[in-house]
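A short reminder: the numbers here are calculations on the coordinates, not readings from a lab. Please read these numbers as outputs of a predicted model, since none were measured by experiment. Counting neighbours? That spans all protein chains shown, and the Cβs are built from the backbone with ideal geometry, glycine included.
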Amino acid sequence: MSRGAWMPVISVVGFVLLWYIGAEIAQSRLLPGPVAVLQYIYEETLHGNLLTQLGITLWRVVASFAVAMLIGSVIGLAMGQMPALNRVLDPWLIVLLNLPALVIIILAYVWFGLNEAAAIGAVALNKIPNVVVTLREGARALDPGLDEMARAYRMSPWSKFRNVVLPQLQPYFAAASRSGISLIWKIVLVVELLGRPNGVGFELHLNFQLFNVTAILGYTLAFVAVMLAIEYLLVQPLERHSTRWRNKPV
Amino acid sequence: MGADGTELTAIRDLTLDLKPESMTVLMGPSGCGKTTLLRIVAHLDDRFIGEVEFPSDARIGFMFQEPRLLPWRTVRQNIELVAAPGFTEEELDRLARSVGLTEMLPRYPQELSLGLARRVALARAFATKPDLLLLDEPFVSLDEKTADRLRRLLLDVWSARPTTAVMVTHNAREAILLADQLVLLAPRPTHVVAIETIDVPQAERDPKMIEALHSDLLQRFPANFSGL
C-alpha cells in the first residue's frame, strides 16, 4: 500500500488512542474506554441479544429503504417526465421535505397504532421526498438524443428501459440510496425509541435510563460496523460495477 | 413547433418518390427543414399532419449528426442491441471488419475518436438490415480526410447490401459523390427546387467528374451551391 492509502488507518487508530487516553484520565463510568466497550460487545454477542437487536434494526432499515426507493423513484420519474403532474405535486413535496421526522413518526403512531407497519411507513415517508427530488432531476436530465435513437431503431420498451434509461438514471439512484441509507438508519432508531419493544433504538433508550454509557457506545459501534460493512462490501462494489464504462483511459 | 411554443410550418406540400435501392440526397440551406423531414419519415415527429407511405413497423437505420451511441454499452453491444432479428455473430464480425472496427468491438464508445464512433453508428445502421436508411449529415464536423474515408466505407457497405437511402447534407461534393437522385430544397416552407439524377455509378465517380458536375450545378442553382 502507498503512503496515501495508510492515512485513513492512521486516522482511525489515532482516534481510538485518543479515546483510550481520555478514558484512562477520566476514570468515569460515563466515559468507558475502547477496551470496555469492545468487551461489552463481545459479551452481549455471546450471552446477550445484541445480534438479534441488530438484525431487527437492520431489517427495518432495509424495509424502509426499499419502500422509500420504490415509491420515491416512481413519483420522482413521473414528476420529471410530466410537467403538469409536477405542478400539482410540487407544493406537497416541499411540505414533506420540511416536515420534521419526529412529527411524521408521532402522527403515524397516533393514527396507525404502535405497530411495525406504522414504524416502517413513517421512516419511508421521511426519506421519500429526497428520493423524489433526486430522481426528478434524473428524469429531467435524460438525453433526448438517445431517446430518439431508441425510437428510430424501434427498441422494445423493456430494452429501452434497461439499456437507455436505467444507465442514465444510475448516478441518481446511487446518490439517492447513498444519502438514503444513512438518513434512514438514524430515523429508524428514533422510531424504535418512541414505539417499538426491540431494536437498537429500544436498547439505547433502555440503557439511557440506566445511564449505561458502555452499552450505548457498544450498540452504536456495533451498528456503525454493520453499516460500514454494507457500504464497503455492497454499495461500493455495486457502484464500481455499474460505472465500469466510465473513467477508462482514452 | 418553434422554440417559443408557436406553431411553425417548416414543411408544406412536399412529395418525394424514392426509387428502391437508390440513394436520394437532400440538399438545401440551413433551416430548410431537412432534418425535420427525416424525423417525420422515421415517425419521430408526432406533430406532423400528412402521410408517410411507410409502415411504422418497417426497419429503419438512422445515422444522426452525432453518433448517439450508448456510452455504457460496448461497441459490440451497441450494434447487437438494435440488430435485426436473427443477426448472427458472423454477420456482425463481417460488418465490423468491413468498417474496420474488429479491434474496437469490446471497447466502450468513450475510448473512440469521433471518426471511429461514426463508424460504429454506420455499422449499427446496417446491422438493423433496414428497409430504409436515413442519414442526417452523418459526416459533419470531421476532417476532410476522415470524412472521405467514411464516405467510401458507406459506399462499400451500401453496395454490399443495397438499401433505399435518404441522406441530408450541406456538403455539395459529398452529395454529388453519393447521390443517385439529388433533391434541391429551398426553405420556408420547404419545397423542391429541382431533382437531378446522376446516372454514373458511385464507384466510377472520380474527382474530375465531381468537380465538373459541381460547377455545372453551381451555375444553374447558385442558391443551393454557393458558399458550399
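Using a Cα-Cα cut-off of under 18 Å, which aspartates and glutamates could be cross-linked to A:LYS160, ignoring same-chain neighbours fewer than 8 residues away?
Excluding near neighbours in sequence, the set is A:ASP143, A:ASP147, A:GLU148, B:ASP57, B:GLU80.
Could you give the length gained on full extension between B:ASP156 and B:ASP143, defined as 0.36 nm per residue of separation minus the Cα-Cα distance, in nm?
That pair, B:ASP156 and B:ASP143, stretches by 2.7 nm at full extension.
Give the lysines reachable from B:LYS145 as a straight Cα distance under 21 Å; neighbours fewer than 8 places away on the same chain don't count.
Reachable lysines: B:LYS208.
Once Lys and Arg get +1 and Asp and Glu get -1 on their Cβ, which of B:LEU95, B:LEU112, B:ALA84 lies farthest toward the positive end of the dipole of chain B?
Selected residue: B:LEU112.
Select from B:GLY115, B:GLY28, B:GLY61 the residue whose mean-square fluctuation is largest in a Gaussian network model of chain B (Cα-Cα springs shorter than 10 Å).
Judging by the Gaussian network model, the answer is B:GLY115.
Most mobile of A:ARG29, A:ARG136, A:ARG154 per a Gaussian network model of chain A (Cα springs, under 10 Å)?
Among A:ARG29, A:ARG136, A:ARG154, the largest GNM mean-square fluctuation belongs to A:ARG154.
Between A:ALA174 and A:GLN236, with labels modelled 7 Å along Cα→Cβ, what's the label distance in nm to one decimal, could you check?
Distance between label points: 1.3 nm.
State the Cα centre-to-centre distance between region A:64-143 and region B:85-136 in whole Å.
A separation of 43 Å, based on Cα centres.
Give me the one-decimal nm value for the distance between modelled label points at A:ALA225 and A:THR52, 7 Å along each residue's Cα-to-Cβ direction.
Simple spin-label model gives 2.0 nm for this pair.
Can you list the lysines whose alpha carbon sits under 20 Å from that of A:LYS127, skipping same-chain ones fewer than 8 residues off?
Correct list for A:LYS127: A:LYS186.
Taking 0.36 nm per residue of sequence separation and subtracting the Cα-Cα distance, how much length would be gained by fully extending the chain between A:SER156 and A:LEU206, in nm to one decimal?
12.4 nm
From the gyration tensor of the Cα coordinates in region A:81-162, what semi-axes in whole Å does the equivalent ellipsoid have, largest first, with each one equal to sqrt(5λ)? Intermediate results must be reported in sequence, preceding the final value.
Details: eigenvalues 263, 48, 17 Å².
Ellipsoid half-lengths, sorted descending, are 36, 15, 9 Å.
Choose one of B:PRO201, A:ALA78, A:ASN115: the residue whose Cα lies farthest towards the positive end of the charge dipole of the protein assembly as shown (beta-carbon charges +1 Lys, Arg; -1 Asp, Glu; about the Cα centre).
My answer, from the dipole projection, is A:ASN115.
When the dipole is taken about the Cα centre of the protein assembly as shown, and only Lys, Arg (+1) and Asp, Glu (-1) are charged at their Cβ, what size is it in debye, to the nearest 20?
Details: 44 positive and 46 negative charges, 182 e Å.
For the protein assembly as shown, the charge dipole is close to 880 debye.
To the nearest 20 debye, what is the magnitude of the charge dipole of region A:36-242 about its Cα centre, counting +1 on the Cβ of each Lys and Arg and -1 on the Cβ of each Asp and Glu?
It works out to roughly 620 debye.
So if each residue of separation counts as 0.36 nm, and I subtract the Cα-Cα distance between A:THR45 and A:LEU99, what length gain in nm does that give? Let's see the in-between values first.
Details: separation 54, 0.36 × 54 = 19.44 nm, distance 3.75 nm.
Extra length available between A:THR45 and A:LEU99 comes to 15.7 nm.
Would you grab the residues whose amide H sits under 5 Å from the one on B:PHE62? Only those 5+ places off in sequence or on another chain, please, with H modelled 1.01 Å from N.
Those lying under 5 Å, H to H, from B:PHE62 are B:LEU134.
Over the Cα atoms of the protein assembly as shown, what Rg and Dmax result, in angstrom?
31.8, 101
If you count, for every residue in A:105-118, the Cβ atoms of partner chains within 10 Å of its Cβ, what is the mean?
Average neighbour count from other chains, rounded to a whole number: 0.
Would you calculate the volume per residue, in Å³, of the smallest convex hull containing every Cα atom of chain A?
Output value, Cα hull per residue: 175 Å³.
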